[in-house]
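The values are calculated or read from the model by the stated rules, or taken from the named source; none is laboratory data. Keep in mind that this is a model prediction, so the values were computed, not measured. We place every Cβ from the backbone using ideal geometry, glycine too, and count neighbours over all the protein chains shown. Just the protein is used for accessible areas: all its heavy atoms, side chains included, with ligands, DNA and RNA removed. Shrake-Rupley method; radii C 1.70, N 1.55, O 1.52, S 1.80 Å.
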Amino acid sequence: MKEYMLIFRHEDGGKIASPEQMQIWMQQTMDWLGALAAKGNFEGKGNGLLFDDARVVHHNKMVTNGPFGEIKETLGGYVVVKANSADEAAEFAKGCPVLQGEGNTVEVRKLAKDDGIH
């Protein structure tokens, strides 16, 4: 099995959910991860990404407050799963509660670990 990162993208990171809705989504996410773990597909790695105290370092070494204020889409977090292929990892991603938000996506990326190149 290979490791794949599932990256959670929120179309409108500026929208703030109620504490009650956040609690529901967190429980759904824990249930989804628990089901992946029960099948041996959750690598046990991952985290949410906070907006507070973020910085963006540009190619000219200028540092600005981040994340990018001019873009609508934001990264909400990631998890690492074990799968036999990107297609299988995408099937896992279909169950992610992040997809309940209109326009939200889960990007599937194979990790370069042990690929013989990186």
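Heavy-atom accessible area per residue, the chain, 1.4 Å probe: how many Å²?
Solvent-accessible surface per residue comes out at 70 Å².
Of GLU88, GLU3, which has the most accessible area and how do the rest follow, probe 1.4 Å?
Final ranking, largest accessible area leading: GLU88, GLU3.
Pop a pseudo-label 7 angstrom from the Cα along the beta-carbon direction at both GLU107 and ALA54 and give the gap in nm to one decimal.
About 1.3 nm separates the two model spin labels.
Where does each of 95-107, 46-58, 75-87 land if you order them by average Cβ count within 10 Å, highest first?
75-87, 95-107, 46-58
Report the relative contact order of the chain, percent, no decimals, based on alpha-carbon pairs under 8 angstrom and at least 6 residues apart.
It comes to 48 percent, rounded to a whole number.
What pairs in LYS61/LYS113; LYS39/LYS94; LYS45/LYS82 have C-alpha atoms more than 19 Å from each other?
LYS61/LYS113
Sort largest first and round to whole Å: the equivalent ellipsoid semi-axes of the chain, each the square root of five times a Cα gyration tensor eigenvalue.
Those come to 25, 21, 12 Å.
Using a 1.4 Å probe on the protein heavy atoms, what percent of the accessible area of the chain belongs to carbon and sulfur?
Accessible surface attributable to carbon and sulfur in the chain totals 54 percent.
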